[in-house]
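Visitor: Okay, here's the structure, questions in a sec.
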Amino acid sequence: MYNVPMNDLYQELILDHASNPRNFGELENSTQTVRETNASCGDMAEFYFVIQENRIIDVKWRGVGCAISTASSSVVSELVKGKTIQEAKDIRKEHILKELGMQEILPTREKCLLLPLRVLALLE
C-alpha cells in the first residue's frame, strides 16, 4: 500500500530544499511568531510572519529536523508569501507533496512533512 519509491526527482527536490532552505532566518520586525515541535522526533519549526491587513507580506523560519521537515518548511515559506491568513491555512499536505514531486509519503514520515502546516493552523 505504501510502496513509495524514492525517485531521482524526489531526492533532488528534498535535498535541494534541505540543503538550501528558502526564507531561512529570523525577521526582527515580525508581527507574529509561531513555534511548533514534533515531540516524538524532536523536529522544531519557528516561523516569523509580517502580516499587514490580513496578508502575509514576509516570512522567515528557522528550525531543526530531518530533511523532510526542513524541505517542507522551506516549501511552505514560499507558498504563503502574499497570501491571506485564510489562504495560508488552506494549504494542505497535497500542496506540499506536489511541490516536492511526490504523490504520497510514508505514514512514519507524515508528521515531519506536516509540521509547518501545524504552524499555519495557529496563525491569527
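Coordinate-derived values only; no laboratory data. Values in this document were obtained by computation on a predicted structure and should not be read as measured data. Every residue, glycine among them, receives a Cβ derived from its backbone with ideal geometry; neighbour counts consider all protein chains shown.
Visitor: With the crude spin-label approximation of a point 7 Å out along Cα→Cβ, what separation in nm comes out for GLN11 versus LYS89?
Guide: 4.0
Visitor: Moving to a separate point now. Helix 67-80: angle to the longest alpha-carbon principal axis of the chain, degrees 0 to 90, nearest 10?
Guide: With rounding to tens, the tilt is 40 degrees.
Visitor: I need the calculated FRET efficiency for the pair ILE57 and LEU122, taking r as the beta carbon distance and R₀ as 25 Å, to the nearest 0.05. Don't skip to the end; give the middle numbers.
Guide: Values: r = 18 Å, r/R0 = 0.73.
Step by step, r from the Cβ atoms, then E = 0.85.
Visitor: Let me ask another. Where does the Debye-calculated log10 I(q)/I(0) of the stretch 43-124 sit at q = 0.20 Å⁻¹, using only Cα point scatterers of equal weight, no solvent?
Guide: These q points yield log10 I(q)/I(0) values of -0.83.
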